[in-house]
1. Please work out if residue 191 is over 18 Å from the mean Cα position of the chain (by Cα), surrounded by fewer than 18 Cβ atoms within 10 Å (Cβ to Cβ) and without any contact (Cβ under 8 Å) to a residue 60 or more places away in the chain.
2. State which residue is farthest from residue 155 (Cα to Cα) when the search covers only the stretch 204-217 and only residues that are of a type outside the set (Ser, Thr, Tyr) and surrounded by fewer than 24 Cβ atoms within 10 Å (Cβ to Cβ).
3. List every residue pair whose Cβ atoms lie under 9 Å apart, where the two residues are 6 or more positions apart in sequence or sit on different chains, the first residue falls within the stretch 32-59 and is among the acidic types (Asp, Glu), and the second residue, located anywhere, is in a helix (DSSP H, G or I) and modelled with pLDDT of 95 or more.
4. Have a look at 219, 170 and point out the one that is assigned to a strand (DSSP E or B), of a type in the set (Phe, Trp, Tyr) and out of contact with any Ser or Thr (no Cβ under 6 Å at 6 or more places or on another chain).
5. Before we move on, is residue 68 farther than 30 Å from residue 248 by Cβ, touching a Pro at 6+ places or on another chain (Cβ under 6 Å) and not assigned by TED's automatic domain parsing to the domain that holds residue 231?
6. Identify the single condition in (1) without any contact (Cβ under 8 Å) to a residue 60 or more places away in the chain; (2) under 21 Å from residue 123 (Cβ atoms); (3) among the small types (Gly, Ala, Ser) that residue 109 does not satisfy, given that it satisfies every other one.
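The values are calculated or read from the model by the stated rules, or taken from the named source; none is laboratory data. Bear in mind that the values here come from a model prediction, so they are computed numbers and not experimental data. Glycine gets a Cβ as well: all are built from the backbone with ideal geometry, and neighbour counts include every protein chain shown.
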Amino acid sequence: MTGKQNTLYVASLAKGLRLLRAFDQSATDLSLAELSQRTGLEKSATQRLANTLHLEGMLDKDPKTRRFRPSHAWLQLAYVYFWSDPLVGLAMPTLIDLSQRFGVTVNLAEISGDHILYVSRIPGKSSQFASTIVGRRLPALNAAAGRAIVSTWPAEKTDDAINNWAIEQFTPSTTQDRGTIRAALDQARTQGYAITQDQMIMDQTGIAAPVKGHDGTAFSAVQCSFPSRLWPMERILQDALPYILESAQAIVPHTRASF
């Protein structure tokens, strides 16, 4: 039974959540017309929902422009999430140690649908602002962390991901061919880690090791981003990889729903 067929499904609440999801990195403040366009909701419904969310403290409203933007309540919800996810606390000492050892950005990523979500990020010495923000979502098949996670799954689940999950173009070198991605996942399954080069950012190498549960499958991964000009592949494999693998193995995740 799908959500909309469930007798407990509240359509009005779902519309309000759809309105909140209209905000993203490219749309941080929106007018009623823009909210209506992005959500597909009628303008009258958009107006009622947006003003209700404003009165409930979920959206701020500029008194002059009358445009809406996320409020501090979103940060409060994120704060609660971090306390509710035991993996974040378990992984933090390991992530800090890796960041201090190599001086690069270190992430803990979790699977979220067909994307990965960075739930912890320790910025490196030369990190850009975008590399420091928790909550960034990326297509799992494009990212080293996503490939490391999916490579641990049963064959039928991996096949479904390869055939149906989203792929986006981030750089001129971002892999779009699903056969190439399949080969990368096979390699990650064999070697126990995934590596990407120039996939999200040019001149950057990502390496990720899955955080496996007791059944051998993973829903999260430890990932490091290395500037290629300072970290050639040979140096990464020799100097950094053993510590990344050790860090991922040291994190014991709580049981997650099995396939």
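1. Values: over 18 Å from the mean Cα position of the chain (by Cα): yes; surrounded by fewer than 18 Cβ atoms within 10 Å (Cβ to Cβ): yes; without any contact (Cβ under 8 Å) to a residue 60 or more places away in the chain: yes.
The answer is yes for residue 191.
2. Here is the first cut: in the stretch 204-217, the ones of a type outside the set (Ser, Thr, Tyr) are 204, 206-216.
Narrowing further to those that are surrounded by fewer than 24 Cβ atoms within 10 Å (Cβ to Cβ): 204, 212-216.
Details: 204: 30, 212: 16, 213: 17, 214: 18, 215: 14, 216: 13 Å.
Here the residue is 204.
3. 42/36; 56/73
4. Details: 170 fails: assigned to a strand (DSSP E or B).
Going through 219, 170 in turn, just one is assigned to a strand (DSSP E or B), of a type in the set (Phe, Trp, Tyr) and out of contact with any Ser or Thr (no Cβ under 6 Å at 6 or more places or on another chain): 219.
5. Working: farther than 30 Å from residue 248 by Cβ: yes; touching a Pro at 6+ places or on another chain (Cβ under 6 Å): no; not assigned by TED's automatic domain parsing to the domain that holds residue 231: yes.
Considered against the rule, which asks whether it is farther than 30 Å from residue 248 by Cβ, touching a Pro at 6+ places or on another chain (Cβ under 6 Å) and not assigned by TED's automatic domain parsing to the domain that holds residue 231, residue 68 comes out as no.
6. Checking residue 109 against (1) without any contact (Cβ under 8 Å) to a residue 60 or more places away in the chain; (2) under 21 Å from residue 123 (Cβ atoms); (3) among the small types (Gly, Ala, Ser), the one that fails is (1).
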